[in-house]
Amino acid sequence: MPLTMPIQNDSLPNDEPMRMSDVLPRRPAGYRNPAPPPAAGSLKKLLTFSKAPEGPLDDFPSEEKKTPVWVWAFLALVASTAVVGSVLVFAPKLRVSAAIPQTGQLVVVSQPAGGDVIVDGERRGVTPLTLSLAPGPHALQLNRADVSRSISVTIKAGAETTHYVDLEARPVPEAGQLVVSSDPPGARVTIDGQARGVTPITLEDMTAGQHAVVVQGASGPVQRSVVVQRGQSASLMVSMTGQAAFGWVSISSPLVLQVLEDDRKLGTSETDRIVLPAGQHTLRILNQRLGFQTARVVHVPAGGGASLKIDPPNGVVNLNALPWAEAWIDGRQVGETPLGNVKLPIGEHEAVFRHPQLGERRQTFLVTANEPARVAVDFKK
């Protein structure tokens with residue numbers, strides 16, 4: 001509706017109203033309304049600009065406002081500075097947390113418990129015991145009553161090494177063994193003044209120490225002195241004719257072997273010399289615990305000796321570890337578990353199982369000629 005207002009003008013009739021368009025100047029062609037100035041103190045409006053629209057809306061200010069590129073660059077610079085500052089603040093902590101550990105763990109378990117633990121000459125406590133040690137080799141010693149064990153251990157940084165040590169006292173027989181033979185046989189034997197029988201004879205109850213032996217034959221008595229050691233066998237051969245009609249045999253082996261002839265005990269491989277009549281002998285050599293037995297024919301010269309070397313045969317062992325481990329036997333690496341039918345000489349051996357995160361376990365085991373040995377460890381226990 002047109003805006004009208006009564007204006008007094010002599011050039012117009014008094015009863016005709018005047019229009020606003022009659023008194024305001026007209027806009028020239030192509031005129032556009034200017035955009036309102038930004039409010040004072042408004043940074044946002046100062047950083048924007050308007051583009052005059054085209055078309056039928058050219059009489060209205062534009063509502064579309066774009067941020068300049070340099071503003072985005074400034075904001076990106078601020079954000080990147082904050083990130084770099086955060087890294088500088090937390091980097092030392094990250095470096096500390098990622099640093100390589102400077103010690104390793106040594107776990108010592110004994111059977112029975114309560115053994116004194118000495119590391120590098122310093123007493124550290126009693127078993128079971130866990131210690132933090134510097135990486136590298138260490139001398140470990142365990143003592144309990146009359147039993148002592150010395151072990152060389154190697155500690156790795158950040159790893160756990162476990163040693164199981166047997167401190168059970170193994171009783172040593174108080175008595176020893178004495179085998180007395182004569183040529184010819186059938187001579188009476190007296191030891192320390194006590195009659196013990198006729199040759200050949202094996203005496204199992206000899207006390208350790210030196211003994212006086214008298215062998216009485218048809219030609220008269222022959223006196224000898226013999227030393228018997230605890231848990232060992234001694235042998236004595238006497239010629240009743242006065243001639244050197246006897247000799248000896250020496251047996252070398254990494255195992256302790258019993259020596260028999262016609263089911264008669266002659267001694268063991270620990271005996272330096274087993275005295276025998278001169279001539280040919282068939283010896284039965286065995287170790288019942290390891291399931292090993294062999295026979296050898298030997299010629300014993302009069303007044304001389306013969307030597308026998310017994311190499312133990314191989315047995316097999318099967319190794320396993322949970323979850324898995326690298327395995328060493330007697331210091332030699334044999335592979336990664338599980339391992340089957342690993343050939344080893346019969347006898348006692350030591351297995352070492354190593355896991356990069358779970359540490360080290362050691363176990364002593366026995367390989368026999370009868371059946372495979374089985375060794376297993378569980379790192380989760």
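If a residue counts only when it is of a type in the set (Gly, Ala, Ser) and under 29 Å from Ile191 (Cα atoms), which strands (runs of 3 or more DSSP E) contained entirely in region 234-340 have at least 2 such residues?
Numbers: elements: 246-252, 258-261, 264-268, 274-277, 279-287, 292-300, 305-309, 314-322, 326-329, 332-336.
Answer list for region 234-340: 246-252, 305-309.
Residue check: is Arg361 basic (Lys, Arg), part of a strand (DSSP E or B), surrounded by 12 or more Cβ atoms within 10 Å (Cβ to Cβ) and assigned by TED's automatic domain parsing to the domain that holds Ala245?
Numbers: basic (Lys, Arg): yes; part of a strand (DSSP E or B): yes; surrounded by 12 or more Cβ atoms within 10 Å (Cβ to Cβ): yes; assigned by TED's automatic domain parsing to the domain that holds Ala245: no.
No; evaluated as a whole, the condition is false for this residue.
A quick yes/no check of all residues on (1) surrounded by 12 or more Cβ atoms within 10 Å (Cβ to Cβ); (2) under 22 Å from Leu276 (Cα atoms); (3) at pLDDT below 85; (4) of a type in the set (Lys, Arg):
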| position | (1), (2), (3), (4) |
| --- | --- |
| Asp166 | yes, no, yes, no |
| Gly176 | yes, yes, yes, no |
| Ile201 | yes, yes, no, no |
| Gln210 | no, yes, no, no |
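Which residue is surrounded by the fewest Cβ atoms within 10 Å (Cβ to Cβ), if the candidates are limited to region 124-164 and must be among the hydroxyl-bearing types (Ser, Thr, Tyr) and within 26 Å of His349 (Cβ to Cβ)? Write out each step before concluding.
Taking region 124-164 and keeping what is among the hydroxyl-bearing types (Ser, Thr, Tyr), we get 127, 130, 132, 148, 150, 152, 154, 161-162, 164.
Subsequent filtering for residues that are within 26 Å of His349 (Cβ to Cβ) retains 127, 148, 150, 152, 154, 161-162, 164.
On the way: Thr127: 21, Ser148: 13, Ser150: 10, Ser152: 8, Thr154: 13, Thr161: 23, Thr162: 18, Tyr164: 16.
So, considering only residues that are among the hydroxyl-bearing types (Ser, Thr, Tyr) and within 26 Å of His349 (Cβ to Cβ), the one surrounded by the fewest Cβ atoms within 10 Å (Cβ to Cβ) is Ser152.
Which residues, counting only those in region 257-269, are acidic (Asp, Glu) and exposed (fewer than 14 other Cβ atoms within 10 Å of the Cβ)?
Going through region 257-269, the residues acidic (Asp, Glu) turn out to be 261-263.
Within region 257-269, Asp262, Asp263 meet the criteria.
The values are calculated or read from the model by the stated rules, or taken from the named source; none is laboratory data. Predicted, not measured: the structure shown is a model, and the values here were computed from it. We place every Cβ from the backbone using ideal geometry, glycine too, and count neighbours over all the protein chains shown.
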